[in-house]
Amino acid sequence: MKNLLASVITLLIFNNSFAQKSESELLKNYEFYVEKNIEMGKWSTKFYLINGLVSVRENYWKNELRSRTEFEYDRYGNVEREKNTFDINEGQVNNISNLKLEYNGSLLVRKTNDFGMTEKYSDFNELGKPKLIERIEESDFKAWPYKDLMEYDKKGNIIKSTELSTYEDLNGKTVNEKATTYYKYDDRNNVIEIHREYEPKQEFPIPITGGPFLYEFEYFRYKYNKNGLWTKKFKTVNGKEYLVAKRKYK
């Protein structure tokens, strides 16, 4: 599954852009929060906030800073520039990535990055959420699904994502892949169930370089603070529950 990790990253980015506005509202009274990724060992991330939006992200291994990225937003709250200011291998840097954003009124309809990949958003629902995402790359290396079909609940949360990809396997054969993911949420808009299906069928769990295994079914529960933000995240797979992440807010 050549495109699977890219698909996961794509969906995470998409969720942060379109489906997590409620969390941004809850974060407006905080300066930062730190999330420890227990599932991945000693990694943690510190998110600095301005008006509920992440202005700076710092990634740490144990207590060592590994990378630092700054974010700039347009008036609609979408990222239009990312600046990497520190990398463990290079030290202080100033690597800037710009995003060209195009709108139809207040609806984001097109996004192009510096690497030549364009995302087109269309078929918007009544909440202004795009049900169709199409990707066009100028390079020959197709790292992303070329099309996403999205379905939402009444709150705007993604409940079904269908990703369509085409790539060559190790034998040089063209593979047309369809990856469908279903989501369920609690009353605070956090994911409590994930169900994955693939065509052609895949054997679970699926290993991901630099990430946790993907299971056909995953279940989550959370502990919350008094303001409705989660502080502990638990995951259950194959009937076993374990703590995967913790957050502290200030």
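Observations, loosely collected:
- Matching residues, the range 159-213, being closer than 30 Å to Trp43 by Cβ, exposed (fewer than 14 other Cβ atoms within 10 Å of the Cβ) and aliphatic (A, V, I, L, M): Ile208
- Restricting Lys46, Lys120, Lys100 to residues that are basic (Lys, Arg) and under 28 Å from Ile192 (Cβ atoms) narrows the list to Lys46.
- Selection over the range 214-250 of residues that are among the small types (Gly, Ala, Ser) and either open to solvent by 40 Å² or more (accessible area, probe 1.4 Å) or in contact with a strand residue (DSSP E or B) (Cβ under 9 Å, 6 or more places away or on another chain) (or both) gives a count of 2.
- Top-ranked residue in the range 22-50 [being open to solvent by 50 Å² or more (accessible area, probe 1.4 Å) and among the basic types (Lys, Arg); ranked as farthest from Tyr242 (Cα to Cα)]: Lys28
- Test: residue in the range 137-144 that is assigned to a loop (DSSP other than H, G, I, E, B) and among the hydroxyl-bearing types (Ser, Thr, Tyr): yes
- Filter result (surrounded by 13 or more Cβ atoms within 10 Å (Cβ to Cβ) and farther than 23 Å from Pro145 by Cα) within the range 96-122: Ile96
- Subset of the range 51-68 that is closer than 22 Å to Asn227 by Cβ and not small (Gly, Ala, Ser) - its residue that is least open to solvent (accessible area, probe 1.4 Å): Val56
- Residue in the range 200-216 that is part of a strand (DSSP E or B), at pLDDT 95 or above and among the acidic types (Asp, Glu) present: no
- Pairing residues of the range 186-203 that are over 18 Å from Lys160 (Cβ atoms) with residues that are open to solvent by 30 Å² or more (accessible area, probe 1.4 Å) and among the polar types (S, T, N, Q), at Cβ distances under 9 Å and at least 6 apart in sequence or on separate chains, gives Arg188/Ser22; Pro200/Asn176.
The values are calculated or read from the model by the stated rules, or taken from the named source; none is laboratory data. As the structure is a prediction and not an experimental result, all values here were calculated from the model. We place every Cβ from the backbone using ideal geometry, glycine too, and count neighbours over all the protein chains shown. Side chains included, ligands, DNA and RNA excluded: accessible areas come from the protein's heavy atoms. Shrake-Rupley method; radii C 1.70, N 1.55, O 1.52, S 1.80 Å.
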